[in-house]
Each structure stands twice: as C-alpha cells, then as structure tokens.
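Here's the structure, in structure tokens; my notes come after.
The values are calculated or read from the model by the stated rules, or taken from the named source; none is laboratory data. What you are looking at is a predicted structure, and each value in this text was computed from that prediction instead of being measured. Cβ sites come from the backbone with ideal geometry, for glycine too, and all protein chains shown count toward neighbours. Areas reflect the complete protein model, heavy atoms only, side chains present, ligands, DNA and RNA absent. Shrake-Rupley method; radii C 1.70, N 1.55, O 1.52, S 1.80 Å.
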Amino acid sequence: MKIRNKKLYGLLAAGLCCLTVISGCGEEKKVTEENAQSETAPVQESSESEEQQTEPVADEGNIGEFSMQDITGESYTQEMFADYDLTMVNIFATWCSPCVGEIPDLQKLWEEMESKGVNVVGIVLDAIDIDGNPNKETIETAKVLADYTGAEYPFLIPDEGYLNGRLSEVSAVPETFFVDSEGKIVGQTYTGSRSLEEWKQIVEMELKGGAQ
C-alpha cells in the first residue's frame, strides 16, 4: 500500500510541476504508460491559453434522473441539486495538469460560497472505460488526488449512461457547467481552468441569471 501511494503521489507531483507555466501544459496530452493503455474515452487537455480563446457556450436542458457513486462509494442522484440554488459541475481527468491545478481553488470556492447556496461537484471522466466499467486504478488515483489537494467536495464516477449523454459531449477537460435547484442546466459551459477569483466572478454572475 505504501509503495502504491508513493507511486500515485509521484504521478500527482509530476502533474503539478507545470502549474507555474500552466499555459504550456495543454499543448500535448500528458498520460502515464498505464493510462495510455487504458480504454478511456479520448479527450484533450485544455490549457489556460486555449481557455482565453474559447468563448463560453450557452447550454440548456435538464440533467434528468441518474445515479452515480463517488470515489468513496457514496451514492448520489439528481436530488443532490435540490438543496442548492446553483451547483458547479467540474468535469476533469486525473492525468490533466490544469484540472489538478484548479482543484484547491474549487475547494476554496465551495468553502466560501456554500453559505450562498452554491455547491461544487467534480466528475472524474476517466474513472470508467469506454464500456462503462469502473477503472479501479484511476479511482485509487482520484482518492489520492483528493487527499493531495485537500478536496472535500464529492468526486463522482460517471454512470454507464454518461449522465444521460451529457458527458459524451466533452471533448476537452476541464469543462464546467452549472445546474439549478430543479436539475436544469443553466448559464454557460466553460472550457479550461480558472483562478479562484475568476470562478467567484463567474459564479456570482450565474447566480444573478447569467451574462446579460
């Protein structure tokens, strides 16, 4: 167990090494030899430089009914949205450096804005393979990642239906969208990582009904 955790922490440290030059991390997808051999859906890593060139995309529709577990085995359904005015859904992959880099800020965002009715949820896109089966090694990596970054908000494992098809639309990570208390996708979809202050501004805007 100690050997495995040492290996996983090494993987995370390697992913974090380029945070100070994050704009250069998205030019090429960084994968480990193990992840390269896994049958996960192909997605790209979105860098900060790509983010600046990407306009938010309008989204609409309802999430619908679903049942997912987080990396600890706790179950979640669409009812998770009912207790909050706005839920931030952050889709990420364990191999993605910008994804890993913004998790501590998302944790701070959750801590600071939960009292305003805002929740944060992560979805580990590479936690299942293309057949919808859980990837145990990736889930273990996600557990270490949560510990490493101090994340206390849930990291969900995609269900076989890929959240009623919503996750199948993802072509680059991280990707973030928002859901209201009725389970309706609202506002914009954001591709790329952002700072805590940038996310706070976006969340405040989405709470007010999105950009005018």
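Tabulated results
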| item | result |
| --- | --- |
| Sequence-distant residues sharing a close amide H with Thr189 (under 5 Å, placed H) | Val57, Ala58, Asp59 |
| Lys, Arg +1 and Asp, Glu -1 on Cβ, resulting dipole of segment 92-197 about Cα centre, debye, nearest 20 | 160 |
| Diffusion coefficient, µm² s⁻¹, Stokes-Einstein with Kirkwood Rh over alpha-carbon pairs of segment 57-134 at 37 °C and 0.692 mPa s | 232 |
| Net charge of neighbours whose Cβ lies under 11 Å from the Cβ of Trp199, counting Lys and Arg as +1 and Asp and Glu as -1 | -4 |
| Listed peptides 85-93, 166-174 by packing density, highest first (mean Cβ within 10 Å) | 85-93, 166-174 |
| Amide N proximity, segment 130-155 versus Ser168 label position 7 Å along Cα-to-Cβ, cut-off under 15 Å | 130-133 |
| Highest to lowest packing among 137-144, 179-186, scored as the average C-beta count within 10 Å | 137-144, 179-186 |
| Accessible area of segment 57-210 belonging to carbon and sulfur atoms, whole % at 1.4 Å probe | 43 |
